[in-house]
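The values are calculated or read from the model by the stated rules, or taken from the named source; none is laboratory data. Just so it is clear, the model here is predicted, and its values are computed rather than measured. All Cβ positions, even for glycine, are placed from backbone atoms using ideal geometry, and neighbour counts span all protein chains on display. The area values use the complete protein model at the heavy-atom level, side chains included, leaving out ligands, DNA and RNA. Shrake-Rupley method; radii C 1.70, N 1.55, O 1.52, S 1.80 Å.
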Amino acid sequence: MPSILRNGAKWFLELGVEGSGGTGIFSVSGHVEKPGNYEVPLGIPFKELLEIAGGVREGRKLKAVIPGGSSVPVLPAEMVMDLTMDFDTLRNAKSGLGTGAMIVMDETTCMVNVLRRISRFYFAESCGQCTPCREGTGWLYRVLSRILEGHGRNEDIDMLVDVANKIEGHTICALGDAAAWPVQSFIRNFRHEFEFMVNNAGRSLVDDLESAA
Ligand code: SF4
């Protein structure tokens, strides 16, 4: 703050990029060596931010990143590695900067399990005022649980997206969208993991790959 007063607003804005001036604080958590809060110029390449956070733990491979908090659409590694951390770039990649609460996931992560965990949170947080959120978040959680418990059906995957689409934009506060976006983006980017689990009685594709290694 004193630096901004000393150097002026223009100086601060120019630390970032056009459309995302100044700096941002990223709270990096998950599978990194040095989780923490890092204040960096907006527009920093994701690769650099990952390096600042110590890289992926134990030298493992990056699998996915949620750039801005659990409600923000997830991005696969091959996409996020080429992106910069600013509003326009992430919006164009169908994700967002959100709160900057970045969650990093390595190759050992089961995306179905992560999505169920996120959905459990929004189900618990729904205050119940709007029907799509009150009923829909429970549906999402129960269907994801069914898939994980080995009782998934082929039609469940499209049904999850359908329920999420019916919640998005149809509630009076942002929690409805926050519950829908993870479901839409996890299935858009990692559909094969959901299909594998449905077709293999709840076995995770990740466990399968690990045991084959
Ligand atoms: S969208 Fe907001 S207001 Fe509506 S039920 Fe969910 S938490 Fe409550």
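Please report the antiparallel percentage of DSSP beta bridges with both residues in the chain, rounded to the nearest 5.
Numbers: 16 of 18 bridges.
DSSP beta bridges in the chain are roughly 90 percent antiparallel.
Using the Kyte-Doolittle scale, find the helices of the chain whose mean hydropathy is at least -0.5 and whose Cα atoms extend 24 Å or more along the helix's long axis, counting only whole DSSP H runs. Could you put the intermediate results ahead of the total?
On the way: long enough: 131-148 (25 Å, -0.07); 175-199 (31 Å, -0.07).
Flagged H segments are 131-148, 175-199.
In whole Å, what three semi-axes, largest first, describe the equivalent ellipsoid of region 131-213 built from its Cα gyration tensor (square root of 5 times each eigenvalue)?
Working: eigenvalues 140, 31, 18 Å².
Semi-axes (√(5λ), whole Å): 27, 12, 9.
Restricting to bridges with both residues inside region 2-106, how much of the DSSP beta-bridge set is antiparallel, in percent to the nearest 5?
Details: 16 of 18 bridges.
Of all bridge pairs located within region 2-106, approximately 90 percent are antiparallel.
Calculated FRET efficiency, residue 158 and residue 47, Cβ-Cβ r, R0 35 Å, to nearest 0.05?
Numbers: r = 35 Å, r/R0 = 0.99.
With R0 = 35 Å, the Cβ-Cβ based efficiency is 0.50.
So which lysines pass the test for residue 63, namely a Cα distance under 27 Å, with those fewer than 8 places away in the same chain ruled out?
The qualifying lysines are 34, 47, 94.
Sum -39500 (n - 2.57) across every DSSP H segment of at least 4 residues in the chain, then divide by the residue count to get the 222 nm mean residue ellipticity, nearest 500.
Working: 10 runs with 107 residues, N = 213.
Counting only the DSSP helices, I get -15000 deg cm²/dmol.
Per 5 Å bin, what is the whole-percent P(r) computed from every C-alpha pair distance within region 2-106?
Reading upward from the zero bin: 3, 14, 24, 25, 17, 9, 5, 3, 1.
Taking the solvent-accessible surface of protein heavy atoms with a 1.4 Å probe, what is the per residue accessible area of the chain in Å²?
On the way: 10860 Å² over 213 residues.
Solvent-accessible surface per residue comes out at 51 Å².
Once you have a ≥ b ≥ c as the square roots of the Cα gyration tensor eigenvalues for the chain, tell me rounded if a/c is under 1.5, and otherwise prolate or oblate according to whether a/b is larger than b/c. Kindly include the intermediate steps, with their values, before the conclusion.
Details: a/c = 2.58, a/b = 1.48, b/c = 1.75.
The shape class here is oblate.
Bin by bin, in steps of 5 Å, what percent of the Cα pairs in region 83-169 do you find, going until the bin that has the longest distance?
3, 12, 18, 19, 20, 18, 8, 2, 0
Quick check: Cα centre of region 120-165 to Cα centre of region 76-117, how many Å?
21
For a Förster distance of 45 Å, can you work out the FRET efficiency between the beta-carbons of residue 209 and residue 6, rounded to the nearest 0.05?
Numbers: r = 53 Å, r/R0 = 1.18.
Efficiency computed from Cβ-Cβ geometry: 0.25.
Using a cut-off of 15 Å between beta-carbons, work out the net charge of the residues near residue 83 (Lys and Arg +1, Asp and Glu -1, residue 83 not included).
On the way: positive: 47, 91, 94; negative: 48, 51, 78, 82, 86, 88.
Taking every other residue near residue 83 into account, the sum is -3.
Mind listing the long-range amide H neighbours of residue 101? Cut-off is under 5 Å, sequence gap 5 or more, other chains count too, H placed in the peptide plane at 1.01 Å from N.
27, 69
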